[in-house]
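Data first, discussion second: the structure below is written as structure tokens.
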Amino acid sequence: NVESAWGGPLALPPGTSGEKFAKFLAGVGDVCGKSEITLVSSQDQLKGGWYLEQSKVHDMHSIYDEDFFVASAVVTPSSVPQVQALVRLANEYEIPLWPISIGRNVGYGGAAPRVRGSVVVDMGKNMNKVLSVDEDSASCLLEPGVTYSELYDYLIEHNLHEKLWIDVPDLGGGSVVGNCLDRGVGYTPYGDHFMMHCGMEIVLPNGELYRTGMGAMPDPTQPGFDPDAPLHEQPPNKCWQLFNYGFGPYLDGIFTQSSLGIVTKMGMWLMPNPGGFQSYLVTVPNEEDLHPLVETIRPLRLQNILPNVPTIRYITLDAAVLGHKKQYVSYEGPITEEDKRAIEKKLQLGRWNFYGAVYGPPVIRDAMLSVVKEAFLKIPGAKFLLPEDMKENSVLHIRSKTLRGIPTYDELNWLDWEPNGVHLFFAPISKVSGDDAMKQYEVSKRRFEEAGMDFIGTFTVGMREMHHIVSVVFPRGNPKKRDRAVWLIRTLIDDCAKHGWGEYRTHIGLMDQIQGTYSFNDNIQRKLNETIKNAIDPKGILAPGKSGIWPSKYDKKQWVL
Ligand code: ADP
């Protein structure tokens, strides 16, 4: 049992004795089953792992020492009542919990907790069912462990995949629920995942169960309705996955990028097959062509002629998907202008490459494509390409799947740009304007040059803003290069704040700095979040430090990074 196997964890939860922790784990064993607990007691447990066999105990893409963000134990509950009991035990013993769904979260800290020694609550291992798919309303209800690939496979198995499409991010192995909770994005017209969620079931920090939106209203008309049944078994309201807001203040947002609850179910809207789609690529030859490209995109996106979340990718990003740096050049340090030109030629690409798609029956697609083509080809040197115009296995072929909501894993290749690469995302928001895009790119590129690293980035175009996703890749086990990468991202965060650009999401090690940049009215955003946090989680047991929000129990001076 847990106690006899006790060698002590590598990291105890803060302020907790070994004895108290052992008692807590014994209680967890009674609730979830002892076999559902993994104690993190040896450095060997921090070795190995990759995207599909991700570590649940620490950050595989560590930006500090490997055991800096390490869990004391991982628990894998199997039911909502188990999660509730776990949360109540954590309150009793004042143990910090860090909930994850799948815990891949590449570039943002993986499964690792912000507070060393937290207990990771792995919601994905046993709670991984597609609970329902409503064909008529094109919506589904999911448990946290359902990955994009699994949801896609489920639709195929149930012969629904031609009728209902999903939206996927760059990689198909993430959790649909986890990605939405961290406000991730995909690339179809349903690319804003939080916008497309509908209804959550949440275990609150005191163990109570809450259903948001229409889920708050019992529905006696539903088959199996029984007011005396356990809450988690009550059939939900028939409108739970149809109308997001219910009645009264809308709370779903405070459970995203947050430490206020453990989500046990979530509704998502699916995209009815629009009648087909056609992906395309527009390449532009020069750095400064980003300006007219973005100016062309804005009106088309606002008019919904660009109906999805298209991307503008820098040449190095596409090069990294298709090969290692060593396959292109034999030196270290940023790729020269001359070599970028050679890569562009080899890959049939431009300096910036815009991947878009139109959706609908052929007649609509043709009409939209002709508008798109005419608009973009006004940019001198621009080329318009369809998949059949490209060599096989081009990035356009890969993006075509993503733009249709088919999960892929090809974008993982970025990590191998440097041998055994570690990966970190820098992700500021920008205005959809040529001036802003150019300025943000130039600020970033200059710092990358100072750091002696390749700028690898993409602008993903939302409805009225762009997420500029910049990939910082450095080789594992090289503390000098790692520290340089951390210097780079920390400097960029401050540079961007000076221009009024904030990040939409970040690595656990950088959350304090970024929360600090959202400083209007003496950091009222952080203070309001802390007031809410302390009110509903007075012992600070859930995800302390997530998004730079610290419960009062934690002395910020000691914890802030
Ligand atoms: P993915 O594997 O899809 O990348 P994760 O499971 O790592 O996503 O989740 C990303 C982040 O979202 C986690 O670090 C955590 O902060 C939050 N999160 C994920 N699942 C839950 C959940 N079920 N309840 C509360 N927060 C969650």
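Evaluate the stretch 242-251: report whether one residue or more is more than 30 Å from Lys346 (Cβ to Cβ) and either within 16 Å of the ligand (Cβ to nearest atom) or at pLDDT below 95 (or both).
Scanning the stretch 242-251 turns up at least one residue that is more than 30 Å from Lys346 (Cβ to Cβ) and either within 16 Å of the ligand (Cβ to nearest atom) or at pLDDT below 95 (or both).
Return the total of residues in the stretch 93-117 being hydroxyl-bearing (Ser, Thr, Tyr) and within 11 Å of the ligand (Cβ to nearest atom).
Taking the stretch 93-117 as the starting set, the residues that turn out to be hydroxyl-bearing (Ser, Thr, Tyr) are 93, 101, 108.
Those left that are additionally within 11 Å of the ligand (Cβ to nearest atom): 101, 108.
Total satisfying the criteria: 2.
Whether any residue in the stretch 129-143 is buried (at least 24 other Cβ atoms within 10 Å of the Cβ), more than 9 Å from the ligand (Cβ to nearest atom) and modelled with pLDDT of 95 or more is what I want to check.
If we filter the stretch 129-143 for residues that are buried (at least 24 other Cβ atoms within 10 Å of the Cβ), which is where we start, we get 140, 142.
Narrowing the set further to residues that are more than 9 Å from the ligand (Cβ to nearest atom) leaves 140, 142.
Applying the additional criterion that residues be modelled with pLDDT of 95 or more yields 140, 142.
Within the stretch 129-143, one or more residues are buried (at least 24 other Cβ atoms within 10 Å of the Cβ), more than 9 Å from the ligand (Cβ to nearest atom) and modelled with pLDDT of 95 or more.
Got at least one residue in the stretch 221-230 being surrounded by 20 or more Cβ atoms within 10 Å (Cβ to Cβ), in contact with a Lys or Arg (Cβ under 7 Å, 6 or more places away or on another chain) and either among the hydrophobic types (A, V, I, L, M, F, W, C) or at pLDDT 95 or above (or both)?
First, the residues of the stretch 221-230 that are surrounded by 20 or more Cβ atoms within 10 Å (Cβ to Cβ): none.
For the stretch 221-230, residues surrounded by 20 or more Cβ atoms within 10 Å (Cβ to Cβ), in contact with a Lys or Arg (Cβ under 7 Å, 6 or more places away or on another chain) and either among the hydrophobic types (A, V, I, L, M, F, W, C) or at pLDDT 95 or above (or both): absent.
For the stretch 391-407, enumerate the residues that are touching a residue at least 24 places away in the same chain (Cβ under 8 Å) and either surrounded by fewer than 18 Cβ atoms within 10 Å (Cβ to Cβ) or not assigned by TED's automatic domain parsing to the domain that holds Lys346 (or both). Give the steps one after another, and end with the answer.
We begin by selecting, within the stretch 391-407, every residue touching a residue at least 24 places away in the same chain (Cβ under 8 Å); these are 391, 393-396, 398-400, 402-407.
Within the stretch 391-407, Lys391, Asn393, Ile406 qualify.
Being buried (at least 24 other Cβ atoms within 10 Å of the Cβ) and either modelled with pLDDT under 95 or under 30 Å from the mean Cα position of the chain (by Cα) (or both) is the requirement here; does Ser41 meet it?
Working: buried (at least 24 other Cβ atoms within 10 Å of the Cβ): no; either modelled with pLDDT under 95 or under 30 Å from the mean Cα position of the chain (by Cα) (or both): yes.
So Ser41 fails the test.
The conditions are (1) assigned to a loop (DSSP other than H, G, I, E, B); (2) surrounded by fewer than 21 Cβ atoms within 10 Å (Cβ to Cβ), and Asp170 fails exactly one of them. Which is it?
(2)
Which of the residues that make up the stretch 21-78 are closer than 23 Å to Gly545 by Cβ, polar (S, T, N, Q) and out of contact with any strand residue (DSSP E or B) (no Cβ under 9 Å at 6 or more places or on another chain)?
Of everything in the stretch 21-78, those that are closer than 23 Å to Gly545 by Cβ, polar (S, T, N, Q) and out of contact with any strand residue (DSSP E or B) (no Cβ under 9 Å at 6 or more places or on another chain) turn out to be Gln54, Ser55.
Among the residues that make up the stretch 521-540, is at least one of them of a type in the set (A, V, I, L, M, F, W, C), under 19 Å from Ala90 (Cβ atoms) and either within 15 Å of the ligand (Cβ to nearest atom) or assigned by TED's automatic domain parsing to the domain that holds Leu424 (or both)?
Yes, that holds for at least one residue.
Restricting to the stretch 541-558, give me the number of residues that are under 17 Å from Phe69 (Cα atoms), in contact with a helix residue (DSSP H, G or I) (Cβ under 8 Å, 6 or more places away or on another chain) and more than 14 Å from the ligand (Cβ to nearest atom).
Going through the stretch 541-558 one residue at a time, the tally reaches 1.
Identify the residue in the stretch 173-213 that is of a type in the set (Gly, Ala, Ser) and more than 10 Å from the ligand (Cβ to nearest atom) and, among all such residues, is surrounded by the fewest Cβ atoms within 10 Å (Cβ to Cβ). Even if it seems obvious, please write down each step before you answer.
First, the residues of the stretch 173-213 that are of a type in the set (Gly, Ala, Ser): 173-175, 178, 184, 186, 191, 199, 207, 213.
Imposing the further condition that a residue be more than 10 Å from the ligand (Cβ to nearest atom) reduces the set to 186, 191, 199, 207, 213.
Numbers: Gly186: 25, Gly191: 27, Gly199: 26, Gly207: 17, Gly213: 24.
For the stretch 173-213, the residue satisfying everything is Gly207.
Go through the stretch 479-531 and give me each residue that's acidic (Asp, Glu), within 20 Å of the chain's Cα centre (by Cα) and assigned to a helix (DSSP H, G or I). Steps first, answer last, please.
The first filter runs over the stretch 479-531 and keeps only residues acidic (Asp, Glu), leaving 483, 494-495, 503, 512, 522, 530.
Okay, now just the ones that are also within 20 Å of the chain's Cα centre (by Cα), so 503, 512.
Across the stretch 479-531, the qualifying residue is only Asp512.
So is Val372 closer than 29 Å to Pro169 by Cβ, of a type in the set (A, V, I, L, M) and touching a Lys or Arg at 6+ places or on another chain (Cβ under 7 Å) or not?
Values: closer than 29 Å to Pro169 by Cβ: yes; of a type in the set (A, V, I, L, M): yes; touching a Lys or Arg at 6+ places or on another chain (Cβ under 7 Å): no.
Taking the combined requirement at face value, the residue does not satisfy it.
Test Asn159 against the stated conditions and say whether it is more than 16 Å from the ligand (Cβ to nearest atom) and polar (S, T, N, Q).
Details: more than 16 Å from the ligand (Cβ to nearest atom): yes; polar (S, T, N, Q): yes.
For Asn159, the condition - more than 16 Å from the ligand (Cβ to nearest atom) and polar (S, T, N, Q) - is met.
The values are calculated or read from the model by the stated rules, or taken from the named source; none is laboratory data. Worth saying up front: this structure is predicted, and the values here are computed from it rather than measured. Ideal geometry is used to build each Cβ from the backbone, glycine not excepted, and the neighbour counts take in all protein chains shown.
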